[in-house]
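*Asks:* For reference, the structure I am asking about is given below.
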Amino acid sequence: MIRIVLTDIEGTTSSLSFVKDVLFPYSKKKLADFLSRHKEDPKVKAILEEVRKIEEGDPVEVLTRWIEEDRKITPLKELQGLIWEEGYKSGELKGHIYEDAYEKLKEWKEKGLKIYVYSSGSVKAQKLLFSHTQLGDITHLFSGYFDTKIGNKKDPESYRRISEKVGVPPGGILFLSDNPDEIKAAAEAGMKVIRVAREGENEIIERFPYPQVRSFYEIDPFRHGRL
Ligand SMILES: [Mg+2]
């Protein structure tokens, strides 16, 4: 019997394009203004110091180019985190969640299941997104959050660790994700799995050995296996 639903975010509860088309352009647009308003902030000073160590020149120009090149550099990630935090808190930025995901997660929770999140975005970023969605603060739905600190999402061992942490054997956990490798890893660890392939974002994979759906409306954790 399923007691826990463990869900991915990007491509599963939330649109893939949200990060690419909303979050990244937002940090680029706000960069110069944010730096000029926070130049005395010790956190921002330390970040700019790190930027200078990596590359000389006008930090606004350097950082803008890094955003365009989607560089995975710590000072850039930290600065983007601060810019997004300010955007969420001011209400200018809204985290995206699909309505079907919200409705079904809420229904499952009311019926006694516990909902956990497992995403490669940091736990801090996950909480920011879900506390400022277009449907409001929905963090009350979740019993806990995991990020890659628990392990890589394509490694079955990560799912065994999560099962230990939440105190439910893998067979009592239903994992939802758009990524086929994550689905395989969770299944290998013994979890029940369903791949979510959103229309316009992901394709249904032919001969995929696990169930696939287009939205959360097609998922019934209480009758898992009889979809
Ligand atoms: Mg995903």
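Only the coordinates and a few stated rules stand behind these numbers; no lab work does. Keep in mind that what you see is a predicted model, and the values were worked out from it rather than measured. For neighbour counting, all protein chains shown are included, and Cβ atoms are generated from backbone atoms with ideal geometry for every residue, glycine included.
*Asks:* Can you pull the three principal axis extents for the Cα set of region 18-90, in Å, largest first?
*Replies:* Extents along the principal axes: 31, 26, 17 Å.
*Asks:* Expressed as an acute angle from 0 to 90° and rounded to the nearest 10, what is the orientation of the C-alpha long axis of helix 99-110 relative to the principal long axis of the chain?
*Replies:* Between helix and principal axis, roughly 60 degrees.
*Asks:* Tally Lys/Arg at +1 and Asp/Glu at -1 over every other residue whose Cβ is under 15 Å from the Cβ of Lys104; what's the total? List each step's numbers first, then the result.
*Replies:* Working: positive: Lys106, Lys109, Lys111, Lys114, Arg198, Arg214, Arg223; negative: Asp8, Glu99, Asp100, Glu103, Glu107, Glu110, Glu218, Asp220.
Once positives and negatives cancel, what remains is -1.
*Asks:* Any idea what angle helix 59-68 forms with the longest principal axis of the chain, computed on alpha-carbon atoms, 0 to 90 degrees, nearest 10?
*Replies:* Relative to the chain, helix 59-68 is tipped by roughly 30 degrees.
*Asks:* To continue, here is another question. If one computes P(r) from the Cα atoms of region 76-227, what percent of pairs lie at distances over 24 Å? Can you show the working numbers first?
*Replies:* Numbers: 4107 of 11476 pairs.
Value for region 76-227 (Cα pairs over 24 Å): 36 percent.
*Asks:* Tell me which residues come under 5 Å, amide H to amide H, from Val193 once H is placed; ignore anything under 5 positions away on its chain.
*Replies:* Amide H neighbours of Val193, under 5 Å, 5+ apart: Phe175.
*Asks:* Right, next: Counting other beta carbons within 10 Å of each residue's own, what order do Thr7, Thr74, Thr139 fall into, fewest first?
*Replies:* Details: Thr7 22, Thr74 10, Thr139 16.
Starting with the residue having the fewest Cβ neighbours, the order is Thr74, Thr139, Thr7.
*Asks:* May I ask you to give the average projected area over all directions of the convex hull of the Cα atoms of region 68-151, in nm² rounded to one decimal? Don't skip to the end; give the middle numbers.
*Replies:* Details: hull surface 25.9 nm².
Taking the Cα atoms of region 68-151, their convex hull projects to 6.5 nm² on average.
*Asks:* Cα to Cα, under 29 Å, and not fewer than 8 places away if on the same chain: which lysines meet these conditions relative to Lys29?
*Replies:* Answer for Lys29, where 29 Å is the Cα cut-off: Lys20, Lys39, Lys43, Lys45, Lys53, Lys72, Lys77, Lys89, Lys94, Lys124, Lys127, listed by chain and number.
*Asks:* Separate question: Got the relative contact order for the chain handy, in percent, Cα pairs under 8 Å and 6 or more residues apart? Display every interim value, and only then the final one.
*Replies:* Details: 318 pairs, mean separation 58.8, N = 227.
Answer for the chain is 26 percent.
*Asks:* With n ≥ 4 as the cut-off for DSSP H runs, can you work out [θ] at 222 nm for the chain, using -39500 (n - 2.57) per run divided by the number of residues, rounded to the nearest 500? All intermediate terms of the calculation are to be shown ahead of the outcome.
*Replies:* Numbers: 8 runs with 95 residues, N = 227.
Calculated at 222 nm, the ellipticity per residue is -13000 deg cm²/dmol.
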